[in-house]
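K.L.:
Handing you a structure now.
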Amino acid sequence: MLSERDLELRKLANEEIEKYKDKVEADPYRLNYHHMAPVGLLNDPNGFIQWKGTYHLFYQWMPFDTDHGAKFWGHYSSEDFVHWKHEDIALTPSDWFDENGVYSGSAIAHDDHLYLFYTGNVKDEKGERESYQCVAVSEDGVNFEKKGVSVYLPEGYTSHFRDPKVWKEGDTWYMVVGAQSEDLQGKAVLFKSEDFSEWEHLGVVTGSGEGNLGGFGYMWECPDLFELDGKHILVVSPQGLEAEGMQFANTYQSGYFAGSLDFEKVRLNHGDFRELDRGFEFYAPQTTLDEKGRRILIGWMGVPDQYEQAQPTIENHWIHCLTIPRELTWNGEQLIQTPLDELKEMRGPVILHSSITIENDQKAVRGIEGKSIELNLEFDEIENQFAIEMFQYASLSYKDGILTLSRPHFEENQKTEFRRVELAGELKSLRLFIDHSSLEVFVNEGEEVLTSRIFPQAEDEHILFTSLGTSTFSIEQWKLKG
Ligand code: FRU
């Protein structure tokens, strides 16, 4: 049974959707094949799971504003990753333990039911934060009943303690939580449960100030811990890293540590942190293991506190979207991200040019244009410098092993800003997904990814290719159906 407060919040949110529907839908920056909220602000993907065959993807949602606030969980479902249904609101901030936000969390199947674990965010009378790890349960995957608090804040941490990711190993359930220790260091904290009800606090698996991580952020958000090809991977979003050369250029980063988790000692022995994405907007990703055994990742195409209120969609009462789903694999050294195979189902007829040479020139290529497309380039030669210019707005350019993405600065319109990444080898291939106001670039079969929002003129569909010296490449393009 939903409480009166819950019903009231749902009604208000649905009214908000109705009120701005026309405005939101008329915005040329609405995306064609990415997840967005129907109105207001979307941030982290939550509760990503395949349950009884159906994929469920929830998201952090603030229906009443394009700023952060008391979050709801919005909900999409799909059978095939191509056709998505926007379901009823899953959770609202209606209870004493989550009244200032049903914050991020995860989903797990148990006893024929779908469970959601999330953080209840509460501000007390003095404005001080409290956080509770809470549970909700569903029989049908659509209607959820809150079960209340399952984990209270253990000693040793501040109330920045959130984003539970739950999984099962053998007969034991584990939960990893993002945390800040009392000495203001970011940590990933492990719990376990033998009965799915009582959770034992095991301690910190790794964090800022531990092992070789001196001063690695003051808070770690949205941890996700899983095994892939014999490695334990901890994906996490640390806050407070300083920019370092080409790395850590955004306000906050998301990346991973790879190593081996000693469950007895509660210790992840791991190598260096590596960013998952080198574009302007990528944060708080979450993964799931599907019934085919694939480890699939979806991220938020945004970063907290970075240009949020400068984005042009806010005048139409919405902001942000999620990334396309990416399959993760481990190549022996690093994670590789590949756009999920199912996305090929969105492709229209192919336009193919098997060998194009450009020499000290800038050219358009017949048929290569559009705002909802996938573009694959394979390079035979880049003698000096090669660039793709999109819609007189964003440009991707390669020279001397370095790939640079540039676009106008959101806040200071005249200025161009850059994100750069040094590739491990030559540039061999680029796979671009463009969707009206988004760009996702998969480099060399997913060794690097750059994800960004772009806000070009709506009418401009032109893509230009520039080469200094000689560049030879093949190109394939598909228009993508939503
Ligand atoms: C990450 C985050 C999470 C939190 C949620 C609130 O973007 O700050 O740590 O649970 O967003 O919306």
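K.L.:
Within the set of pairs 6+ apart or on separate chains, which have a first residue in region 414-427 that is over 18 Å from residue 281 (Cα atoms), a second that is outside any strand (DSSP E or B) and modelled with pLDDT of 95 or more, and C-beta atoms under 6 Å apart?
P.N.:
Cβ pairs passing all conditions: 422/401; 423/401.
K.L.:
Is one or more of the residues making up region 174-182 among the β-branched types (Val, Ile, Thr), at pLDDT 95 or above and crowded, with 24+ Cβ neighbours inside 10 Å?
P.N.:
yes
K.L.:
Checking residue 187 against (1) within 22 Å of residue 173 (Cβ to Cβ); (2) over 21 Å from the mean Cα position of the chain (by Cα): exactly one of these is not met. Which one?
P.N.:
The failed condition is (2).
K.L.:
Here are some residues: 125, 130. Which one is in contact with a strand residue (DSSP E or B) (Cβ under 8 Å, 6 or more places away or on another chain), of a type outside the set (Ser, Thr, Tyr) and in the same structural domain as residue 191 (by TED's automatic domain parsing)?
P.N.:
Residue meeting the stated conditions: 130.
K.L.:
Only strands (runs of 3 or more DSSP E) wholly contained in region 342-422 count here; list those with 1 or more residues that are under 30 Å from residue 313 (Cα atoms) and of a type in the set (A, V, I, L, M, F, W, C).
P.N.:
Correct list: 372-382, 385-390, 394-399, 402-408, 416-422.
K.L.:
Restrict the check to region 28-39 and report whether at least one residue is over 20 Å from the mean Cα position of the chain (by Cα), surrounded by fewer than 17 Cβ atoms within 10 Å (Cβ to Cβ) and closer than 22 Å to residue 312 by Cβ.
P.N.:
Looking for residues that are over 20 Å from the mean Cα position of the chain (by Cα), surrounded by fewer than 17 Cβ atoms within 10 Å (Cβ to Cβ) and closer than 22 Å to residue 312 by Cβ, one finds at least one in region 28-39, hence yes.
K.L.:
Mind checking whether some residue in region 370-385 is aliphatic (A, V, I, L, M), out of contact with any Gly (no Cβ under 9 Å at 6 or more places or on another chain) and within 16 Å of the ligand (Cβ to nearest atom)?
P.N.:
Taking every residue of region 370-385 in turn, none turns out to be aliphatic (A, V, I, L, M), out of contact with any Gly (no Cβ under 9 Å at 6 or more places or on another chain) and within 16 Å of the ligand (Cβ to nearest atom).
K.L.:
Being crowded, with 17+ Cβ neighbours inside 10 Å and touching a Pro at 6+ places or on another chain (Cβ under 8 Å) is the filter; apply it to region 1-16 and report the residue that is farthest from residue 433 (Cα to Cα).
P.N.:
Here the residue is 9.
K.L.:
Report whether or not residue 386 is surrounded by fewer than 18 Cβ atoms within 10 Å (Cβ to Cβ) and in contact with a strand residue (DSSP E or B) (Cβ under 7 Å, 6 or more places away or on another chain).
P.N.:
When the stated conditions are applied, residue 386 does not pass them.
K.L.:
Of all residues in region 282-317, which are under 19 Å from residue 256 (Cβ atoms), more than 16 Å from the ligand (Cβ to nearest atom) and of a type in the set (S, T, N, Q)?
P.N.:
The answer is 288, and nothing else.
K.L.:
Now for a different question. With the requirement that a residue be touching a helix residue (DSSP H, G or I) at 6+ places or on another chain (Cβ under 6 Å) and within 14 Å of the ligand (Cβ to nearest atom), what does region 93-124 give you?
P.N.:
None - no residue of region 93-124 is touching a helix residue (DSSP H, G or I) at 6+ places or on another chain (Cβ under 6 Å) and within 14 Å of the ligand (Cβ to nearest atom), so the list stays empty.
K.L.:
What is the number of the single condition among (1) within 15 Å of the ligand (Cβ to nearest atom); (2) within 30 Å of residue 53 (Cβ to Cβ) that residue 132 does not meet?
P.N.:
If we test residue 132 against (1) within 15 Å of the ligand (Cβ to nearest atom); (2) within 30 Å of residue 53 (Cβ to Cβ), just (2) comes out false.
K.L.:
Among residues belonging to region 209-234 that are farther than 16 Å from residue 254 by Cα, part of a strand (DSSP E or B) and out of contact with any strand residue (DSSP E or B) (no Cβ under 6 Å at 6 or more places or on another chain), point out the one that is nearest to the ligand (Cβ to nearest atom).
P.N.:
Result: 210.
K.L.:
I've got another one for you. Of the conditions (1) of a type in the set (Val, Ile, Thr); (2) outside any loop (DSSP other than H, G, I, E, B); (3) more than 16 Å from the ligand (Cβ to nearest atom), residue 324 fails just one. Which one is it?
P.N.:
Residue 324 satisfies all of (1) of a type in the set (Val, Ile, Thr); (2) outside any loop (DSSP other than H, G, I, E, B); (3) more than 16 Å from the ligand (Cβ to nearest atom) except (2).
K.L.:
Taking the stated definitions as given, is residue 308 modelled with pLDDT under 95, among the acidic types (Asp, Glu) and farther than 24 Å from residue 177 by Cα?
P.N.:
yes
K.L.:
Output the number of the condition that residue 292 fails; it satisfies all remaining conditions of (1) closer than 22 Å to residue 81 by Cα; (2) assigned to a strand (DSSP E or B).
P.N.:
It fails just one condition, (2).
K.L.:
List every residue pair whose Cβ atoms lie under 6 Å apart, where the two residues are 6 or more positions apart in sequence or sit on different chains, the first residue falls within region 377-397 and is at pLDDT 95 or above, and the second residue, located anywhere, is basic (Lys, Arg) and surrounded by 18 or more Cβ atoms within 10 Å (Cβ to Cβ).
P.N.:
Hits for this filter: 394/407.
K.L.:
I'm trying to understand the selection: among the residues of region 65-79, which are under 13 Å from residue 54 (Cα atoms) and within 16 Å of the ligand (Cβ to nearest atom)?
P.N.:
Within region 65-79, 75 is the sole residue that qualifies.
K.L.:
Something else now. Considering only residues that are farther than 25 Å from residue 218 by Cβ and surrounded by 18 or more Cβ atoms within 10 Å (Cβ to Cβ), which ones fall in region 252-289?
P.N.:
288
K.L.:
If you don't mind, another one. Go through region 17-47 residue by residue and tally those that are within 16 Å of the ligand (Cβ to nearest atom) and touching a Pro at 6+ places or on another chain (Cβ under 9 Å).
P.N.:
Going through region 17-47 one residue at a time, the tally reaches 7.
K.L.:
Tell me, yes or no, whether region 80-91 has at least one residue that is surrounded by 21 or more Cβ atoms within 10 Å (Cβ to Cβ) and within 13 Å of the ligand (Cβ to nearest atom).
P.N.:
yes
The values are calculated or read from the model by the stated rules, or taken from the named source; none is laboratory data. Keep in mind the model is a prediction, meaning the values are calculated, not measured. Positions of Cβ are generated from backbone atoms using ideal geometry, with glycine treated the same way; all protein chains shown enter the neighbour counts.
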